[in-house]
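The values are calculated or read from the model by the stated rules, or taken from the named source; none is laboratory data. In this text, all values refer to a predicted model and were calculated from it rather than measured experimentally. When we count neighbours, we look across all protein chains shown, and the Cβ atoms used for this are built from the backbone with ideal geometry, even at glycine. Just the protein is used for accessible areas: all its heavy atoms, side chains included, with ligands, DNA and RNA removed. Shrake-Rupley method; radii C 1.70, N 1.55, O 1.52, S 1.80 Å.
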Amino acid sequence: MKDVVTEGLQDFGFTVEDLISQEHDAALGNGGLGRLASCFLDSMATCQLPAWGYGLRYRYGMFKQQIVDGNQIEHPDYWLDFNPWEFPRPDVTVDVQFYGRVRKNREGKSVWQDGEIIEAVAHDVPIPGYDTRNTNSLRLWSSRASSGEFDFQKFDAGDYENAVADQLTAETISAVLYPNDDLDRGRELRLKQQYLWCAASLSDIIRRFKKSDRPWSDFTDYVVIQLNGTHPALAIVELQRILVDLEELNFNEAWQIVSRTFAYTTHTTLPEVREKWPVPMIKKLLPRHMQLIYEINHNWLERVKKEFPGDLGLLNRVSIIEETDPKTVRTLFIGILGSFKVNGVSELHSEQITQTTFKDFVKILGRGRFTNVTNGITPRRWLHQANPKLSALIASKLGSYDFLKDLYLLQRLKLYTNDSEFKKAWADIKLENKARLANYITDTTGVQVNINALFDVQVKWFDEHKRQQLNIFGVIHRYLKIKAMDPSERSGLVPRVSIFGGKAAPGNWIGKKTIHFINKVATTINKDPDVGDLLKVVFIEDYNVSKAELICPASDLSEHISTAGTEASGTSNMKFALNGGLIIATIDGSNIEVIEEIGEDNTFLFGHLAPDVEDVRRAHAENPGRECPSKNLLSVFNAVLDGMFGDPEPLAAVVNRVIDQDHYIISDDFDSYIAAQDMVDETYRDQDKWIEKSILSVAGMGKFSSDRSVWQYSEEIWNIESVAVKDPKRREYKKSS
Ligand code: GLG
């Protein structure tokens, strides 16, 4: 439709970009986990799998980031003032209860009553499949007061605020994405959001199942629910409640159905981000669910005691209830126990968690419950839409756009690595994409960049384990090296533009310090005439999906440099490689599989391996006063603390974090990082070789289509078949090879 629309708009004197710029990104998630779900929705529709996505329709999505004097300022992102892609469904509402109390009725059944009722209202976003007639739906819930009216008596008495108080409270639930978890108030709101989402979605799924008039024993033949992390884990307890309290199944019969309905994806390796809820908070907000959690946990621990008598340590480690003060509920454990399959999101991650986080559960439940489905990205958005000219050039060689639905076909590009005309066209498209990004950089930051310089990009959520700090320390090292050289010796240097982007959670102080650090270093370097085009540093503010579509096609190199063993997967590596960017990477997450598919000699690797990281950390702990193992890094720290980039005080936190603690082993990986960066420069000098590696990067991306991920889920976990919406005029979709 795009060509038709483009032409039609020209009659009105507009471009299609004008139209697209009117639309806000649906800021419904904050990073990889949310974006992954969007790619999976596109793939489920394109693979013609009958599936629904469920989420919350946040009135204010992920905050808008503004950089003021180098600091991140958060602004509400009111993305709904113009959203032509949603269809309100006032006919689809669910009453959701909070608070209240539980009593036993005459038959001894538990009745949850006297709570506050909030109404969840559906808004549907159609998800059309690419080149199919299938369209799935993303159903988003917003919240409102169930009565829908306000308190007329109060209103009549002129007490206007209180007249609408219930309305406002109800609407707060779906107002803001990720309220600050640091505050109990914020945490209770977060718990309300999660439960509203689970209760409304389950009610919707059950309503649909009940239309079939089938018995509950058939439920798991017709419904499978994939939980995307711990956020929806309460759905497991909610389904148990519905079956026991409303459908009057006995507890174990209900649990048999529940634990064959859910499958669970874990997206993290880091214990500290594991979600726990204080028992008193759940007891207050969801009293009946707390009772059910105790009963589920009791049955679970009885089983463990029987199978592993006397092992009190094991009991404590696997109990859903953590005996802290106050006691907490480990939602991750609910996710594991209530699911028939648990998967990680890269081979390393899935193997690692069975030996660490889930080790006890593997021992009790068996290794077979745990599996892996490596993440993927949709090539429709991340190549065809973001980089149409490269997509067209590939199609011209492969003879069609079939590769967009069977990405393994890209392997045939290996045949053209010596085709000089093809390589020229390939290089021209990359340069065009860099020029487009360069214009954006100039328009938004004022910084002029040389498009023949190497564009080195790191755009990610700011988390310490992703090591943006390692990257900017490397930039300072490069700057010091240039400054130390006589201008006459600099002619062989490869000019660089280091591009950063990404947001830090409002409560993430070190992330925000790192953002400020990068911006301060950029200011000094960019205005140093002695360095000129040899090095520029840019921070692109308010990174989001639309900006990613501008940035990914323009990278020569992108950085995926997390401490080994800390990134569950990572998906931006796939987006950059699919657009012909090379990667500098640690042996972590999905980098390992990307490297395997592209070929080691087409990537730049460095850093300690995951099994060694704990030993390095132990060495730090045993030798607190140790000297920095890298002279190069020490020079970087001295330059910062001596004020080369302005007042060192606000910058010191990022440096001291490494000097004092270095949990992410920056100092131990720094010299190998620099060596890898030198290799990048060396390779970039031979542009013909660089383009060849760029083509091979794309050729190796077949495995990382989210179609492959979704086929794996459907065949290995969901056990569902594709259902093509018939249309006599169109060819059937062939399953990917
Ligand atoms: C998590 C992980 C990423 C992963 C993503 C999608 O940290 O490594 O790629 O989920 O599985 N919150 C995230 O981004």
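Computed values, structure above
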| read-out | value |
| --- | --- |
| Qualifying residue in segment 487-499 (condition: open to solvent by 30 Å² or more (accessible area, probe 1.4 Å), on the phi < 0 side of the Ramachandran plot and within 16 Å of the ligand (Cβ to nearest atom)) | no |
| Unique residue being open to solvent by 30 Å² or more (accessible area, probe 1.4 Å) and farther than 30 Å from Glu464 by Cα when the list is Lys359, Lys276, Lys306, Lys327 | Lys306 |
| Per-region count, segment 352-380, residues assigned to a helix (DSSP H, G or I), more than 16 Å from the ligand (Cβ to nearest atom) and either over 25 Å from Val304 (Cβ atoms) or not β-branched (Val, Ile, Thr) (or both) | 11 |
| Selected residue (criterion: farthest from Leu696 (Cα to Cα)) from residues of segment 567-588 that are part of a loop (DSSP other than H, G, I, E, B) and open to solvent by 10 Å² or more (accessible area, probe 1.4 Å) | Glu567 |
| Selection count where residues are open to solvent by 50 Å² or more (accessible area, probe 1.4 Å) and among the hydroxyl-bearing types (Ser, Thr, Tyr), scope segment 101-118 | 0 |
| Selection within segment 29-48 - assigned to a loop (DSSP other than H, G, I, E, B), at pLDDT 85 or above and either within 15 Å of the ligand (Cβ to nearest atom) or touching an Asp or Glu at 6+ places or on another chain (Cβ under 8 Å) (or both) | Cys47 |
| Breaking point among (1) within 16 Å of the ligand (Cβ to nearest atom); (2) within 25 Å of Arg708 (Cβ to Cβ), for Phe462 | (2) |
| Total residues in segment 158-177, condition in a helix (DSSP H, G or I) and either touching a His at 6+ places or on another chain (Cβ under 9 Å) or surrounded by 17 or more Cβ atoms within 10 Å (Cβ to Cβ) (or both) | 3 |
| Only one of His298, His289 that is open to solvent by 70 Å² or more (accessible area, probe 1.4 Å) and assigned by TED's automatic domain parsing to the domain that holds Leu227 | His298 |
| Qualifying residue in segment 54-63 (condition: more than 25 Å from Lys512 (Cβ to Cβ) and within 16 Å of the ligand (Cβ to nearest atom)) | yes |
| Sole residue being crowded, with 17+ Cβ neighbours inside 10 Å and at pLDDT below 95, chosen from Phe98, Phe12, Phe82, Phe63 | Phe63 |
| Residue satisfying condition, being open to solvent by less than 30 Å² (accessible area, probe 1.4 Å), closer than 26 Å to Ile659 by Cβ and not assigned by TED's automatic domain parsing to the domain that holds Gln72, within set Ala484, Ala522 | Ala522 |
| Segment 466-479 residues that are small (Gly, Ala, Ser), paired with ones that are assigned to a helix (DSSP H, G or I) (beta carbon under 8 Å, 6 or more apart) | Gly474/Phe670; Gly474/Tyr673; Gly474/Ile674; Gly474/Gln677 |
| Out of Ile472, Ile429, sole residue that is within 22 Å of Arg685 (Cα to Cα) and not assigned by TED's automatic domain parsing to the domain that holds Thr46 | Ile429 |
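For every residue, the table says whether it meets (1) open to solvent by less than 30 Å² (accessible area, probe 1.4 Å); (2) more than 23 Å from Asp456 (Cα to Cα).
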| position | (1), (2) |
| --- | --- |
| Glu596 | no, no |
| Phe604 | yes, no |
| Val613 | yes, yes |
| Ala621 | no, yes |
| Ser635 | no, no |
| Asn638 | no, yes |
